[in-house]
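Student: Sharing a structure here in structure tokens format.
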Amino acid sequence: QCLLSGSWRSDTGCRMVVSVLGKNGSFSGTYQPGPAASDSGILTSSLEGSQQDTGLVAHPTFSFTVHWQFQAGTIVFLGQCYVDIKGEETLHTLWLLREAAESPVDDWKATR
């Protein structure tokens, strides 16, 4: 079973802490980017998301949005949770960062 609640660390040192999942798969928590993840007082931002029903699939998909505290932008993560034969959970994600554009002309460069 793949449950997102708990603490997760990425290969790049980002840290995500997820609260208990709601019955509808919703969750909230905190996110710290890269090197700041070792210092709980720096750059902590809130996150909100949802996970696919683990009763329907063995490796559920999930998504969450980070509400940045330090820049004018939003980041969304989309991924899937896998469980290996030893029972270890691993998250595989992709992300998009959207910054505010000054005008529609600049829209093309606002998403990374």
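Student: Identify all residues within segment 71-91 that are open to solvent by 50 Å² or more (accessible area, probe 1.4 Å) and closer than 26 Å to A101 by Cα; write none if there are none.
Tutor: Q71, A72, T74, V76, L78
Student: Please determine, by comparing only the residues of segment 1-17 that are outside any loop (DSSP other than H, G, I, E, B) and in contact (Cβ under 8 Å) with a residue 24 or more places away in the chain, which one is most open to solvent (accessible area, probe 1.4 Å).
Tutor: By that ranking, first place goes to R9.
Student: Looking only at segment 24-40, count every residue that is more than 26 Å from I85 (Cβ to Cβ), modelled with pLDDT of 85 or more and either open to solvent by 50 Å² or more (accessible area, probe 1.4 Å) or of a type in the set (G, A, S) (or both) and tell me the total.
Tutor: Number of matching residues: 5.
The values are calculated or read from the model by the stated rules, or taken from the named source; none is laboratory data. This one's a predicted model, so the numbers in the text were calculated from it and none came from an experiment. Methodologically, a virtual Cβ is constructed for each residue, glycine included, from the backbone with ideal geometry; neighbour enumeration extends over all protein chains shown. Heavy atoms of the whole protein, side chains included, go into the accessibility calculation; ligands, DNA and RNA do not. Shrake-Rupley method; radii C 1.70, N 1.55, O 1.52, S 1.80 Å.
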